[in-house]
Every structure is written in C-alpha cells, then in structure tokens.
C-alpha cells in the first residue's frame, strides 16, 4: 500500500462523500434547475464535475492533464441515478489508479499541467480536491435556492 492510499485516501474519501450526499437529496426534476442568468442547470454542473474527475483519472494514467473529455450521453445530467452510478464508477477507477502506484512511482512521476506547470502526483490529487470544493460551493447555492436542507457534513464543511 502506497503513502497516498495509506495516509491521504481515507480523508479524501470524506470529500468524495459530499457528492454522494448531494445526490441523495436531489430529484431528477431538480437537476433541471438553474439559478438564472448564464448559469448551467444543476445537472450540467454535476456532469461537469464528473468530466473533471475523468480528466484527473486520465492524468494519473498518462501523466498529462487534459480537460477535453465530454461524457457522450446527454441524458446523464437529467438523472440522479445515472449520475450517482457514474460518480461511483469514477471514484472506483480513481482509487484503483492510485492504488496501482508503487511508492517509487509516486516519488518519480510528475503530472504535466501545461508549460512550466509540472507537479507531483500527490499535489495533483490535492488540486482535484480543490475542484471538488469549488463544485460543492456552487452546488450549495443551487441546493439553497431549491430550499434543500443540506446534510450535516455539508453544513459543517461547505455551507
């Protein structure tokens, strides 16, 4: 077991759990909600964080970050069950990808994020956690506008 899985992963899973908690309080109808203006629907926002996770998974596999992936199924963003299943698959793939690293590989490999921006694997995972937090901040605005009572962990960590 490498240092990321042993020391960091249990805490990181708590951040991922926030997304699961959000899915548990939403309905398909609420995924079509937008706060107005140029803002996307809540479902589109959720699809986007999944696409971001896919980009990070690929970065751990190829050592280069590329945000070009788009999920091919447009209906995904209109279904809580489809989004939930996809997020679970992505989370499992992320964990399996990180578990496959030896400690030596964690120390040797870096992730290319653009010219003059090359970072260690551990920092790449930390930046993905920041992307999750940004998503949660946005999602909390939608949830509050919908009159949703956010779960306890959300109230302590995000709202």
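The values are calculated or read from the model by the stated rules, or taken from the named source; none is laboratory data. This is a predicted model, so every value here is computed, not measured. Every residue, glycine as well, gets a Cβ built from its backbone with ideal geometry; the counts of neighbours run over all protein chains shown.
Structure values in brief
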quantity: Failed criterion for residue 18 (all others in (1) more than 18 Å from residue 123 (Cα to Cα); (2) surrounded by 14 or more Cβ atoms within 10 Å (Cβ to Cβ); (3) over 12 Å from the mean Cα position of the chain (by Cα) hold); calculated: (3)
quantity: Members of region 131-159 found to be within 15 Å of residue 16 (Cα to Cα) and not in a helix (DSSP H, G or I), listed by number; calculated: 151, 158
quantity: Only one of 128, 112 that is within 30 Å of residue 29 (Cα to Cα) and at pLDDT 95 or above; calculated: 128
quantity: Hits in region 90-121 - residues which are touching a residue at least 24 places away in the same chain (Cβ under 8 Å), under 19 Å from the mean Cα position of the chain (by Cα) and either assigned to a strand (DSSP E or B) or under 18 Å from residue 5 (Cα atoms) (or both); calculated: 90, 91, 93, 94, 95, 97, 98, 99, 111, 121
quantity: Positions within region 134-152 being touching a helix residue (DSSP H, G or I) at 6+ places or on another chain (Cβ under 8 Å) and surrounded by 14 or more Cβ atoms within 10 Å (Cβ to Cβ), in sequence order; calculated: 135, 136, 138, 139, 140, 142, 143, 146, 148, 150, 151
quantity: Helices (runs of 4 or more DSSP H) completely within region 1-89 that count 1 or more residues being free of Cβ contacts under 8 Å to residues at least 40 places away in the same chain and in contact with a helix residue (DSSP H, G or I) (Cβ under 6 Å, 6 or more places away or on another chain); calculated: 42-62
